[in-house]
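Novice: Okay, handing you the structure first.
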Amino acid sequence: MSDDILHPETLAIRSGIHRTPYNEHGDAMYLTSSFVFDSAAQAAARFSGAEPGMIYARFTNPSVSVFEERLAALEGAERCVAFASGMAAILATVMGLMRAGEHIVASRSIFGSTVQLFNNIIGKFGVETTFVSPTDPEEWRAAVRPNTRLFFIESPSNPLTEVSDIAALAAIAKDAGAWLAVDNCFCTPILQKPLALGADIIIHSATKYLDGQGRVLGGAVLGNKDLMEGVYTFLRTAGPTLSAFNAWVLFKGMETLDLRMRQHSENALELARWLESQPQVARVFYPGLPSHPQHALAMRQQVTGGGIVAFELKGGKDAAWRLIDATRIMSITANLGDVKTTITHPASTTHSRMTPEQRATAGIGDGLIRIAVGLEHVDDLKSDLLRGM
Ligand SMILES: *Cc1c(COP(=O)(O)O)cnc(C)c1O
């Protein structure tokens, strides 16, 4: 039976497992920093790469391999390289694949720390980034320079759930001789397969839905073997390594990924529909709603709308803070991808480093609330919101 005929539910539970001689049914966790060789000759063969196998946990660990193989199977990627966090994965992508003098074109609507990383850290080493609209492929074509090597998007975006046309951007990147990298954190491979749509690189913050219960940090980069060799070389040399413990928590969490993503999406769609009918709500942002500007594209490119819903209250910041403070079930935190529903006010938290003008241009209003819909009963979530509406 080959992996590519198995369904995602099965891959998420069965792929990547290598039992020890004890034949444990639960999965072993390998808390070891190094590995012993049978002989000097074997040590030499491992170090030279002539013999595959474990060497040292900065760059080889069986628990980390299970996580990597499982995620690669789900994304349909030749290779996955795991990292200590999502940000480490993004850093490794640039450091492993690019050099000074090259250029990135990135969506304007990406994770705040990714913007800081591109502008303030990577920029110092001579790689410049141009930010363009996530929803207008022509802006990407116009931003291409002879030295452009990387396109970078998140779809749907945070918090307004803008949807980028992955196939269209992949075609423009190909013409430009650049790679398209997709941060697939919001959808996970259960809801969206960027490589099948033409992307070259997938990035994950495993901290979010892959874990699913808000326990550990982790990250990953996926793509073909050639590209991942550069990313792996950075990992091996620089050491932003996923720990064996975190890898174990993550691949156990992934056993329920399919179930969770479907239920997150079902709850989110119902909550989004209900919010649209509330008189205090000016606008709801959710790709699964027909009122979403890229609804048709989202439904082509994704299985469902996902678990993130944003909405704008008519009463501005006062109304938003009142609603947030009145909740008793939802957690007031900026994290997402948890079975526990989280609620946040982007203008004063995740997007507070932007100027008011930048926020206005980006469409982040003072009355905007983002909910990462969890797995509680959706009626209880509605009642929780009604307390402050
Ligand atoms: C959280 C997040 C990241 C960063 O991941 P960490 O694991 O926190 O380093 C990157 N991209 C997106 C879309 C995220 O939500």
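Coordinate-derived values only; no laboratory data. Keep in mind that this is a model prediction, so the values were computed, not measured. In this analysis, Cβ positions are derived from the backbone assuming ideal geometry, glycine residues included, and neighbour counts consider all displayed protein chains.
Novice: About the Cα centre of segment 40-134, what is the dipole size in debye to 20, counting +1 per Lys and Arg Cβ and -1 per Asp and Glu Cβ, all else neutral?
Specialist: Numbers: 7 positive and 7 negative charges, 47 e Å.
Approximately 220 debye in magnitude.
Novice: Enter the Cα centre distance for the pair segment 190-233 and segment 147-161, rounded to the nearest angstrom.
Specialist: 14
Novice: Around ALA220, what is the net charge, scoring Lys/Arg as +1 and Asp/Glu as -1 over all other residues with Cβ under 14 Å from its Cβ?
Specialist: Here the charged neighbours net out to -3.
Novice: Moving on. If Lys and Arg each add +1 and Asp and Glu each add -1, what is the summed charge of the other residues whose beta carbon sits under 12 Å from the beta carbon of PHE311?
Specialist: Its environment carries a net charge of +2.
Novice: Considering Cα pairs under 8 angstrom that are at least six residues apart, work out the relative contact order of segment 272-352 and quote it in whole percent.
Specialist: 21
Novice: So how do MET98, MET389, MET228 line up by other beta-carbon neighbours within 10 Å, fewest first?
Specialist: Sorted ascending by nearby Cβ count, the order is MET389, MET98, MET228.
Novice: Next question, about the same structure. Go ahead and set up a Gaussian network model of the chain, Cα springs under 10 Å, then flag whichever of PHE125, PHE111, PHE47 fluctuates most.
Specialist: In the Gaussian network model the winner is PHE47.
Novice: Report, please, the projected area of segment 263-365 averaged over directions, based on the convex hull of its C-alpha atoms, in nm².
Specialist: 7.0
Novice: If you take the charge dipole of segment 176-239 about its Cα centre, with +1 on Lys and Arg Cβ and -1 on Asp and Glu Cβ, which of MET228, TYR209, VAL182 is farthest toward its positive end?
Specialist: TYR209
Novice: A further question on this structure: Sorted from largest down, give the three principal axis spans of the alpha carbons of segment 153-258, whole angstrom values.
Specialist: Per principal axis, max minus min of the Cα coordinates gives 42, 35, 21 Å.
Novice: From the residues MET95, TYR56, SER164, which one has its Cα farthest along the dipole of segment 3-256 in the positive direction, the dipole being from +1 and -1 charges on Cβ of Lys/Arg and Asp/Glu about the Cα centre?
Specialist: TYR56
Novice: Highest GNM mean-square fluctuation, the chain, Cα pairs closer than 10 Å: which of TYR209, TYR22, TYR286?
Specialist: Maximum fluctuation in the GNM of the chain, among the listed residues, is at TYR22.
Novice: How big is the charge dipole of segment 257-386 about its Cα centre, in debye rounded to the nearest 20, if each Lys and Arg gets +1 on its Cβ and each Asp and Glu gets -1 on its Cβ?
Specialist: 260
Novice: Related question: Treating only the Cβ of Lys, Arg, Asp and Glu as charged (+1, +1, -1, -1), what charge dipole size does the chain show about its Cα centre? Round to the nearest 20 debye.
Specialist: For this selection, approximately 660 debye.
Novice: Nearest-5 percent of antiparallel DSSP beta bridges in segment 3-256?
Specialist: Of the beta bridges lying entirely in segment 3-256, close to 35 percent run antiparallel.
Novice: Here's another thing I want to ask about it. Determine Rg/Rh for the chain; Rg is computed over alpha-carbon atoms and Rh is the Kirkwood hydrodynamic estimate from the same atoms.
Specialist: 0.98
Novice: A follow-up question, please. Putting +1 on Lys and Arg Cβ atoms and -1 on Asp and Glu Cβ atoms, find which of GLY337, HIS295, ILE324 reaches farthest to the positive end of the dipole of segment 257-386.
Specialist: Value computed over the given set: HIS295.
Novice: Between SER48 and LYS314, what length comes free when the chain is fully extended (0.36 nm per residue of separation minus the Cα-Cα distance, one decimal in nm)?
Specialist: Length difference between fully extended and current span is 89.4 nm.
Novice: While we're here: Compute a Gaussian network model of the chain, connecting alpha carbons closer than 10 Å, and tell me which residue from ALA28, ALA168, ALA40 fluctuates the most.
Specialist: Ranking ALA28, ALA168, ALA40 by mean-square fluctuation puts ALA40 first.
Novice: Starting with the highest mean, order 380-388, 194-202 by the number of other Cβ atoms within 10 Å, averaged over the residues of each peptide.
Specialist: 194-202, 380-388
Novice: Tell me, what is the percent relative contact order of the chain, built from C-alpha pairs under 8 Å that lie six or more residues apart?
Specialist: 16
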